[in-house]
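Reviewing the structure listed below.
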Amino acid sequence: MHSLPKLPYPYDALEPFIDAKTMEIHYSKHHQTYVDKLNAALGKYPELFEKPLEYLLKNTSQVPEDIRQAVINHGGGHHNHSLFWTIMAPNAGGIPSGALSEEINQIWSSFEKFKEEFTNAALGIFGSGWAWLGIYQRKLKICTTKNQDSLLMEGKIPVLGLDMWEHAMYLLYQNRKNEYVSAWWNTVSWPEVERRYKEVK
Ligand code: MN
């Protein structure tokens with residue numbers, strides 16, 4: 001059985017950028033529902049509980065057709081949110097360092113240019129989805145996915161993700177997605193993003 005990972009900080013820890021009520025509903029209701037519905041889908045093929053979620057998302061063609069879309073939606077939702085909570089932290093933000101910073105500067109010429117391009121990708125999503133910094137063919141790449149699709153389905157590995165569903169912002173920002181994204185940069189835990197980057201490289 002898959003289960004909700006522990007939130008690494010209290011609901012109000014990311015205020016004023018992300019409000020406590022949004023964190024509480026997002027984590028305890030939305031994320032919990034993805035976990036529950038993933039378990040319900042896999043319940044029809046209990047042997048699939050043995051496979052890591054990453055494996056199922058990388059190999060969706062091996063998932064039985066009648067539960068495939070449920071695994072993509074709810075397994076993707078579970079995996080995306082599990083990453084999202086950890087790449088944010090209180091007293092965070094700022095800029096990356098080390099090898100991650102070097103590669104960002106090499107590809108986008110500066111952190112500011114990278115931030116601008118990532119922000120534009122996030123704001124360009126039509127409907128619900130995610131903006132990502134992922135690794136593809138050993139190189140960093142800014143990407144987006146629709147709904148709860150995982151980057152793993154495309155053979156890419158996520159190191160930073162931004163939830164662009166309205167449920168992630170609506171209570172505090174309503175339709176002001178640009179304010180949500182610019183506030184969110186203040187919550188990014190670059191040490192955790194760097195840890196994930198090193199792990200992949
Ligand atoms: Mn969400």
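Of all the criteria given as (1) of a type in the set (Lys, Arg); (2) in a loop (DSSP other than H, G, I, E, B); (3) buried (at least 16 other Cβ atoms within 10 Å of the Cβ), the one not satisfied by residue 44 is (3). Checked against the criterion of being closer than 22 Å to residue 160 by Cβ and not in a helix (DSSP H, G or I), segment 53-69 has no qualifying residue.
Residue by residue, here is whether (1) touching a helix residue (DSSP H, G or I) at 6+ places or on another chain (Cβ under 7 Å); (2) within 23 Å of residue 201 (Cα to Cα) holds:
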| site | (1), (2) |
| --- | --- |
| 87 | yes, yes |
| 92 | yes, no |
| 106 | no, yes |
| 112 | no, no |
| 117 | yes, yes |
| 136 | no, yes |
| 144 | yes, yes |
| 160 | yes, yes |
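If only one of 97, 101, 82 is under 22 Å from residue 195 (Cα atoms), surrounded by fewer than 18 Cβ atoms within 10 Å (Cβ to Cβ) and within 16 Å of the ligand (Cβ to nearest atom), which one is it? The match here is 82.
Evaluate segment 157-172: report whether one residue or more is closer than 26 Å to residue 95 by Cβ, within 16 Å of the ligand (Cβ to nearest atom), over 15 Å from the mean Cα position of the chain (by Cα) and touching a residue at least 24 places away in the same chain (Cβ under 8 Å). The answer is yes, given that some residue of segment 157-172 is closer than 26 Å to residue 95 by Cβ, within 16 Å of the ligand (Cβ to nearest atom), over 15 Å from the mean Cα position of the chain (by Cα) and touching a residue at least 24 places away in the same chain (Cβ under 8 Å). State whether the residues of segment 101-113 include one that is assigned to a loop (DSSP other than H, G, I, E, B), among the small types (Gly, Ala, Ser) and free of Cβ contacts under 8 Å to residues at least 12 places away in the same chain. Yes, that holds for at least one residue. Select from segment 5-24 the residues that are surrounded by fewer than 17 Cβ atoms within 10 Å (Cβ to Cβ), in contact (Cβ under 8 Å) with a residue 12 or more places away in the chain and not in a loop (DSSP other than H, G, I, E, B) and list them in ascending order. 21, 24 - these are the residues of segment 5-24 that are surrounded by fewer than 17 Cβ atoms within 10 Å (Cβ to Cβ), in contact (Cβ under 8 Å) with a residue 12 or more places away in the chain and not in a loop (DSSP other than H, G, I, E, B).
Every number here is computed from the coordinates shown, using simple stated rules; none is lab data. A quick note: this is a predicted structure, and the numbers were derived from the prediction, not measured. Cβ coordinates were reconstructed from backbone atoms using ideal geometry, including for glycine residues, and neighbour counts include every protein chain displayed.
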